[in-house]
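Reviewing the structure listed below.
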């Protein structure tokens with residue numbers, strides 16, 4: 001049955017996909033590894049520094065089988081499901097499980113505004129905590145933090161000194177005892193990476209400093 005017929009008849013799982021592409025992972029534990037990215041369409045947030053606003057709308061409807069076939073054709077070891085906000089589409093969860101079942105090392109990039117309690121435990125999550133500089137601090141769903149495991153990551157995108165101090169306070173008050181790795185990433189356009197690095201070193205902060213490798217290689221080129 002075609003995707004259009006499945007949609008019309010309510011059969012199968014379909015998702016709206018902005019793009020599926022092969023690139024280098026730019027962040028987190030698999031940084032630098034060739035990875036297939038599945039970018040889902042749509043997001044309920046509007047972060048001021050968003051670099052994927054083209055994923056807010058449009059895209060193409062694909063069945064789970066179609067997505068799995070396209071991913072398999074790229075022969076990856078690592079697959080990242082991202083957005084937009086991928087969890088805004090309910091079939092994202094079956095997609096994540098299907099990718100794990102297919103034998104891939106699967107990660108999920110999520111805004112931290114959606115409940116992740118029912119995400120397949122085999123998936124490694126990179127979960128944002130939105131800083132004041134994002135403009136979306138009020139959307140943080142802090143209940144997510146209690147369920148994170150050692151394979152997961154919490155990420156703060158730091159826009160300025162205020163964001164840094166805010167994030168440092170959140171580490172002290174919300175992340176004590178949370179077993180996952182904490183990432184600090186400078187907002188690419190306005191926050192100098194070396195300045196953020198100096199702050200982390202001065203405070204001997206137990207976080208992992210990261211830059212977005214793909215942006216240093218290709219800028220904001222789509223599909224990279």
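The values are calculated or read from the model by the stated rules, or taken from the named source; none is laboratory data. Being a predicted model, the structure only gives us computed values, none of them experimental. Cβ placement follows ideal geometry from the backbone for every residue including glycine, while neighbour counts extend to all protein chains displayed.
Can you list residue pairs whose Cβ atoms sit under 7 Å apart, with the first residue in the stretch 39-54 being under 23 Å from residue 68 (Cβ atoms) and the second being loosely packed, with under 15 Cβ neighbours inside 10 Å? Count only pairs 6 or more apart in sequence or on different chains.
Taking only residues 6 or more apart or on different chains, the pairs are 41/57; 41/58.
What number of residues within the stretch 168-197 satisfy the criterion of being in contact (Cβ under 8 Å) with a residue 24 or more places away in the chain and more than 14 Å from residue 156 (Cα to Cα)?
Summing the residues that are in contact (Cβ under 8 Å) with a residue 24 or more places away in the chain and more than 14 Å from residue 156 (Cα to Cα) in the stretch 168-197 gives 4.
Determine if the stretch 130-137 includes at least one residue that is surrounded by 20 or more Cβ atoms within 10 Å (Cβ to Cβ), in a helix (DSSP H, G or I), in contact (Cβ under 8 Å) with a residue 12 or more places away in the chain and in contact with a strand residue (DSSP E or B) (Cβ under 9 Å, 6 or more places away or on another chain).
For the stretch 130-137, residues surrounded by 20 or more Cβ atoms within 10 Å (Cβ to Cβ), in a helix (DSSP H, G or I), in contact (Cβ under 8 Å) with a residue 12 or more places away in the chain and in contact with a strand residue (DSSP E or B) (Cβ under 9 Å, 6 or more places away or on another chain): present.
Exposed (fewer than 14 other Cβ atoms within 10 Å of the Cβ), modelled with pLDDT of 95 or more, within 24 Å of residue 216 (Cα to Cα) and over 13 Å from the mean Cα position of the chain (by Cα) - does that describe any residue in the stretch 56-66?
no
Considering each residue of the stretch 200-219, count those that are modelled with pLDDT of 95 or more, part of a helix (DSSP H, G or I) and surrounded by 17 or more Cβ atoms within 10 Å (Cβ to Cβ), and give that number.
1
Somewhere in the stretch 148-157, is a residue free of Cβ contacts under 8 Å to residues at least 60 places away in the same chain, under 17 Å from the mean Cα position of the chain (by Cα), surrounded by 19 or more Cβ atoms within 10 Å (Cβ to Cβ) and under 15 Å from residue 134 (Cβ atoms)?
Yes, because at least one residue in the stretch 148-157 is free of Cβ contacts under 8 Å to residues at least 60 places away in the same chain, under 17 Å from the mean Cα position of the chain (by Cα), surrounded by 19 or more Cβ atoms within 10 Å (Cβ to Cβ) and under 15 Å from residue 134 (Cβ atoms).
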